[in-house]
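Let me begin by presenting the structure, written as C-alpha cells, before commenting on it.
The values are calculated or read from the model by the stated rules, or taken from the named source; none is laboratory data. Just so we're clear, the structure is a prediction, and the values are computed from it rather than from any experiment. Because the Cβ atoms are built from the backbone with ideal geometry, glycine has one as well, and the counts that use them run over all protein chains shown.
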Amino acid sequence: MNVTKAGRERILLVEDNDDHAELVTRCFQDAGEKPDLQRVCDGEEAIAWLDAQSASALPNLVLLDLRLPKVDGIEVLAYIKGNPRLASLPVVILTTSDADHDVARAYGSHANSYVVKPFDFARLRAVVQTLGVYWLDVNRSPSQT
C-alpha cells in the first residue's frame, strides 16, 4: 500500500474475535503500512465510536464483521448507511460467512464490498493488503470536512 493522501489513513475495524483482529492488524504491519487502526469489539461500541467522531476524524474505511455481540454487523451497516453524516463511508464486510443470504443482506443494506476471510494467513494477508490498496489508495472518496 502506498498512501498518497495527506495525513495518516484511518481504519475502523469492528471485530469481536481477538485473534482475527490481531491477524488483520498484522497484515497491515507486514505490508509496511501503519494506518491509524481503531478497533471496537461489538456493534454497539461501533455506533457509539462513530457518533463521537468529528467529521474530520471519521475513518477512511470501515472493516465490519457480521457476527457481533449486542448489535450485529447488518444493523451497524444499516445505521451507517442510513445516517447522512456517515453514509459515504466505505464499509467492507470482512467475515467468515460465505452464506448467500448474508451476502444478499449485506448488499441490500448498501455494503460497499463483501469479503470472506480466508483461513490461511498468507491468503488473508493478500486479501487485507488488496483491500487497503484499493480503498485507501485507488478509490476516491468524498472529502470529509
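Can you find a residue that is crowded, with 17+ Cβ neighbours inside 10 Å, at pLDDT 95 or above and not polar (S, T, N, Q) anywhere in the stretch 28-40? Checked the stretch 28-40: at least one residue is crowded, with 17+ Cβ neighbours inside 10 Å, at pLDDT 95 or above and not polar (S, T, N, Q). Only one of Arg26, Arg39, Arg67, Arg85 is farther than 20 Å from Leu124 by Cα and either out of contact with any helix residue (DSSP H, G or I) (no Cβ under 9 Å at 6 or more places or on another chain) or not aliphatic (A, V, I, L, M) (or both); which? None of the other options fit; the residue is Arg85. Residues considered: Tyr114, Tyr79. Of these, the only one that is closer than 20 Å to Val133 by Cα, out of contact with any Cys (no Cβ under 8 Å at 6 or more places or on another chain), of a type in the set (Phe, Trp, Tyr) and free of Cβ contacts under 8 Å to residues at least 60 places away in the same chain is Tyr114. So which residues in the stretch 82-123 are in a loop (DSSP other than H, G, I, E, B), out of contact with any Lys or Arg (no Cβ under 7 Å at 6 or more places or on another chain) and under 27 Å from Gln53 (Cα atoms)? Matches in the stretch 82-123: Asn83, Pro84, Arg85, Leu86, Ser88, Leu89, Pro90, Ala111, Asn112.
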